[in-house]
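The values are calculated or read from the model by the stated rules, or taken from the named source; none is laboratory data. Because the structure is predicted, anything quoted here is derived from the model rather than measured. No Cβ is skipped: glycine too gets one built from the backbone with ideal geometry, and neighbour counts run over all protein chains shown. These area figures cover heavy atoms from the full protein model, side chains too; ligands, DNA and RNA do not enter into them. Shrake-Rupley method; radii C 1.70, N 1.55, O 1.52, S 1.80 Å.
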Amino acid sequence: MPAVASVPKELYLSSSLKDLNKKTEVKPEKISTKSYVHSALKIFKAAEECRLDRDEERAYVLYMKYVSVYNLIKKRPDFKQQQEYFHSILGPTNIKKAIEEAEKLSESLKLSLWGYYLFVFGQVVTVTKRGR
């Protein structure tokens, strides 16, 4: 198992949560549900790796993207016919974990972005999780 980084990575993807959320959008394509499931599993795994590496921005984007793909899968007719099968492949707890982690990361990123804005506008920053 990879070691967990002790300090979160510096922000580099965006300057606002709104911009990060734009990166989570997934456009429906005409591919099989199994392809969506395979993609969802890869996205979730990548999100977990980013979380362990303390890359909060990328982890947040990937967890939210996983949720978006999961929601697309749920709307598919073959998912509705074989829910148990697809749930067993996707993992019974992955969606819950993705939502919980995205919520935690969202709060941490809000603090980091707030600290970034104070720094940019020349104010002293002493109250953030990252100690900036």
- Subset of the stretch 83-101 (residues that are surrounded by 12 or more Cβ atoms within 10 Å (Cβ to Cβ) and either of a type in the set (Lys, Arg) or farther than 18 Å from residue 39 by Cα (or both)): 97, 100, 101
- Of all residues in the stretch 59-82, which are over 18 Å from residue 38 (Cβ atoms) and basic (Lys, Arg)? 80
- Checked the stretch 102-112 for anything among the hydrophobic types (A, V, I, L, M, F, W, C) and either in contact (Cβ under 8 Å) with a residue 40 or more places away in the chain or open to solvent by 80 Å² or more (accessible area, probe 1.4 Å) (or both); matches are 102, 105, 109
- Item | Scope the stretch 44-67; condition surrounded by fewer than 17 Cβ atoms within 10 Å (Cβ to Cβ) and either in contact with a Leu (Cβ under 7 Å, 6 or more places away or on another chain) or part of a helix (DSSP H, G or I) (or both); matching residues | 45, 49, 52
- Note on the structure: Filter the stretch 4-43 for residues that are assigned to a helix (DSSP H, G or I), closer than 13 Å to residue 61 by Cα and in contact with a Lys or Arg (Cβ under 8 Å, 6 or more places away or on another chain); the one that is modelled with the lowest pLDDT is 17
- Item | Check on residue 72, assigned to a helix (DSSP H, G or I) and open to solvent by 20 Å² or more (accessible area, probe 1.4 Å) | yes
- Task: Test residue 127 against the stated conditions and say whether it is of a type in the set (Val, Ile, Thr), modelled with pLDDT under 95 and closer than 20 Å to residue 17 by Cβ.
- Result: yes
